[in-house]
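FYI, it's all coordinate maths here, none of it is from the lab. Given the structure is predicted, the values throughout are model-derived calculations rather than measurements. Cβ: placed from backbone, ideal geometry, glycine included. Neighbour counts: every protein chain shown.
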Amino acid sequence: MFRKTRLVLIGAAGATLLALLAAHAPPARALVLRRVVEAARSSLGIELHAESLSYNLLTLSTELRGIRLATSKTPDAPFAAADALAISFAARTLIGYVVSGFSRTDISVTRLSIASPRIQIQREADGSDNLPRVSSGASSAGFVLPPIRVDDLDFSFQQPATSVAMRGAAVELTTPEAGHLAATIKAQHGVTMTAGNRTVDFDAFAATVNLDDDRLDLHELTASRRDAELRARGAI
């Protein structure tokens, strides 16, 4: 009896190992990536492109490489990109995703790192832009992230006759609750602002912003150079 039980346990362990190996095989990773892309499009209205996906089910970690993010309305104008994105999830995220995808899942992230992130916002003369819009009724998914610090963010904002660009910015992000984002931004190498035919380079730049659903509050912005200083507050 003991021998039979041991054989059953060995067989179950072998089957589990084979299942894990199959789940990590290239065809399985490609299938998972397709499902993630489809879920992002249907639930969030985001077109996700990634060159590759790797993951480890034992550690609940995953890595995407060669990432571009755009909205379904402006697929040819990505609002974000990165060389790589590594994420570790809480166990409840995996369980909820397997059952229902993103549509009913609270996505709980325990660790996140980004390599060479880039954000490019484009605003047209009619007020439209390339940023995603996620209504509360479109999806009940909630993203809660741990505090994040990024030290090499490239950022650009462009609209008719006006643009802002910074390279290598230091950014600290927190999400106190789903749908809310707080950020502190400091330019490491200054900022270039263009208005019409005039271009101004600032040596220092800092901003504190809050994003609540589709409202962006600019609590404090300061930009300075040797002969001038700019301060601003507002909301979009």
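How much length is gained on full extension from Asn197 to His219, taking 0.36 nm per residue of separation minus their Cα-Cα distance? Don't skip to the end; give the middle numbers.
On the way: separation 22, 0.36 × 22 = 7.92 nm, distance 2.84 nm.
Between Asn197 and His219, full extension yields an extra 5.1 nm.
Using θ = phi - 60° and the Karplus curve 6.51 cos²θ - 1.76 cosθ + 1.60, what whole-Hz ³J(HN,Hα) does each residue of the range 61-78 get, with Gly and Pro shown as x?
Using θ = phi - 60°, the values come out as 10, 8, 9, 10, 10, x, 9, 9, 10, 9, 7, 5, 7, 10, x, 8, 10, x Hz.
Under a 5 Å amide H to amide H cut-off, with H placed in plane at 1.01 Å, what residues pair with Phe79 once short-range neighbours are removed?
Result for Phe79 returns Leu69, Ala70, Thr71.
Enumerate the amide H contacts of Ser52 below 5 Å, restricted to partners 5 or more residues apart or on another chain; note that Pro and chain-start residues carry no placed amide H.
Arg65
Can you run phi through the Karplus equation (6.51, -1.76, 1.60; θ = phi - 60°) for the range 41-47 and list ³J(HN,Hα) in whole Hz, with x for Gly and Pro?
Listing the rounded values in order: 6, 6, 8, 10, x, 10, 8 Hz.
What's the FRET efficiency of Gln159 with Lys73 using the Cβ-Cβ distance as r and R₀ = 25 Å, to the nearest 0.05?
Numbers: r = 17 Å, r/R0 = 0.68.
The formula returns an efficiency of 0.90 here.
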